[in-house]
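Notes follow once the structure below has been shown.
The values are calculated or read from the model by the stated rules, or taken from the named source; none is laboratory data. Given the structure is predicted, the values throughout are model-derived calculations rather than measurements. Here Cβ is always computed from backbone atoms with ideal geometry, including for glycine, and neighbour counts include all displayed protein chains. Note: areas computed on protein heavy atoms with side chains; ligands, DNA, RNA excluded. Shrake-Rupley method; radii C 1.70, N 1.55, O 1.52, S 1.80 Å.
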Amino acid sequence: MYNTSLRIVKHEAEAEDIMQESFLKAFTRLDSFQGNSTFGAWLKKIVVNRSINAYNKSSRQQEVAYTDQLKHAEDDSIGIDQQEEQQNPKVRKLLKAMDELKDNYRIALTLHLIEGYDHEEICEILDISYANCRTTISRAKESLRKKIEAL
């Protein structure tokens with residue numbers, strides 16, 4: 001869930017906050033869980049929606065630069081996914097190229113390719129039409145291809 005949020009908001013502390021808030025929201029509203037999907041899918045949808053809302057809110061506000069004094073210190077709590085991302089040069093290249101995409105392309109591709117949402121779910125999450133979703137993902141893939149070739 002943390003990685004999902006981090007890929008959208010691109011800020012570690014913000015992703016941690018979103019993850020914790022999402023868990024709290026899920027557990028306080030557990031009675032509204034209808035069982036139409038797995039609990040994990042329901043929770044992931046909460047995380048994605050909160051991440052997108054936080055990202056949109058922060059992009060509207062002017063951000064102040066923050067430097068973490070411990071950022072470069074050795075951290076034993078790095079997850080397996082993050083360790084693999086840091087060690088594999090192809091994964092680093094892909095993630096670097098994804099970070100350089102326009103925001104709507106990056107979010108749509110993250111939801112589709114990394115998180116595994118289908119077009120209908122992405123339409124619902126991003127509140128866009130089906131045609132717009134397919135076009136956005138197609139253009140995002142093409143833009144990603146060009147960025148990877150340039151690296």
With criteria (1) touching a residue at least 40 places away in the same chain (Cβ under 8 Å); (2) of a type outside the set (D, E, K, R); (3) in contact with an Asp or Glu (Cβ under 7 Å, 6 or more places away or on another chain), MET98 comes up short on (3)
So GLU16 clears everything in (1) surrounded by fewer than 15 Cβ atoms within 10 Å (Cβ to Cβ); (2) over 27 Å from LEU95 (Cβ atoms) except one condition, right? Which one?
-> (2)
If you check PHE27 against the conditions, is it modelled with pLDDT of 90 or more and over 14 Å from ASN3 (Cα atoms)?
-> yes
Which ones in the range 1-13 are open to solvent by less than 50 Å² (accessible area, probe 1.4 Å) and within 10 Å of the chain's Cα centre (by Cα)?
-> TYR2, ASN3, THR4, SER5, LEU6, ILE8, VAL9
Name the residue, out of SER51, SER37, that is at pLDDT 90 or above and either within 20 Å of THR110 (Cβ to Cβ) or buried (at least 16 other Cβ atoms within 10 Å of the Cβ) (or both).
-> SER51
